[in-house]
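Following: one structure in structure tokens, then a few remarks.
The values are calculated or read from the model by the stated rules, or taken from the named source; none is laboratory data. Every value quoted in this text rests on a predicted model; they were computed, and no experiment measured them. Here the Cβ positions follow ideal geometry from the backbone for every residue, glycine too, while neighbour counts run over all protein chains shown. Protein only, heavy atoms only, side chains kept; ligands, DNA and RNA dropped before computing areas. Shrake-Rupley method; radii C 1.70, N 1.55, O 1.52, S 1.80 Å.
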Amino acid sequence: RGALPIHLTSSLESTLPDMSQVPPVLNLTEDDLKLMLAAGVHIGSENLNALNSRYVFKRNEQGIHIINLQKTWEKLQLAARVLVAIENPKDIVAVGLSVAGAPPYSQRAIMKSTRYLGIRNIVGRYTPGTFTNQSQPTYFEPRCVVVSDPIKDHQPITEASYMNVPVIAFVNTNAPLRGIDIAIPCNTQGKLSVALMYYLLCREVLRLRDAVSRETPWEVMVDMFVYRDPEEAEKQEQQAKEQAEYNAQLAGAEGEEWVEQGTAGDWAGESQADWDESAQTGNWGEEGEAAAAPEGGW
């Protein structure tokens, strides 16, 4: 059996539905697009995995691959619909492992996702055999695994593939796609990008659950998902404390200055003394009568 003629093949493809089309309510909005651009979600890596070329829009002059944000949004919507289909949120686990020398940008975002979605989380260090070894005290069987970076989280991905557990991953242009079922292309190296992607995923899941309305903005700000360096947070708290102490000292000094000015001179007493001296030096009524008498000839 030979292949179909070219004109029949083109006509058949034209009748097939476009799999990238989504309902209008799920389309990428201008506000979300601005957030993604501001957070640098579209900034990829200098290296490119051949399987990720479908998600790349172009390569700039610096050699950095630019991610197609429309593809990112479509995969994000697909991942949210998969997570909503799981009845028990505890069967979902989000993984964000830390590597020596690299700040754990995904940990705070995963903790917030756990709070709002009710899912499990594994952050920091991963114990081998968590998904495969039943003798482990931390063993459990998830129905879906969400990983922050396939390069750092390779061990959970490998074990999930052994147990036939679907994996949703945020991937950069240089990330391998082995063992990943749904890849969401984005910048996995920036703390703002990682925080925004988890924020959007949580929001879309809650919207599909009818827990958050699409007509009104979500009351939770994306700032709550952004990683904060402990040293930087302590420094900011120390600066705020010093500023508060300075303001208190300044207010106290101004109050003492006003009190000293009040005690140095009694304005009311001085005014009364001036009026008394004016009354003693002359009687305005008598002077007026004296001046008017010669003129009237009385």
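Summary of computed values
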quantity	calculated
M163 being of a type outside the set (S, T, N, Q) and within 15 Å of V95 (Cα to Cα)	no
Given (1) open to solvent by less than 20 Å² (accessible area, probe 1.4 Å); (2) in contact (Cβ under 8 Å) with a residue 40 or more places away in the chain, index of the condition L208 fails	(1)
Extreme residue, surrounded by the fewest Cβ atoms within 10 Å (Cβ to Cβ), among residues of segment 30-45 that are without any contact (Cβ under 8 Å) to a residue 60 or more places away in the chain and either charged (D, E, K, R) or under 15 Å from K75 (Cα atoms) (or both)	E30
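Rundown of residues vs (1) free of Cβ contacts under 8 Å to residues at least 60 places away in the same chain; (2) open to solvent by 20 Å² or more (accessible area, probe 1.4 Å); (3) assigned to a loop (DSSP other than H, G, I, E, B); (4) farther than 16 Å from K34 by Cβ, yes/no style:
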| residue | (1), (2), (3), (4) |
| --- | --- |
| R178 | yes, yes, yes, yes |
| M197 | no, no, no, no |
| S213 | yes, yes, yes, yes |
| P217 | yes, yes, yes, no |
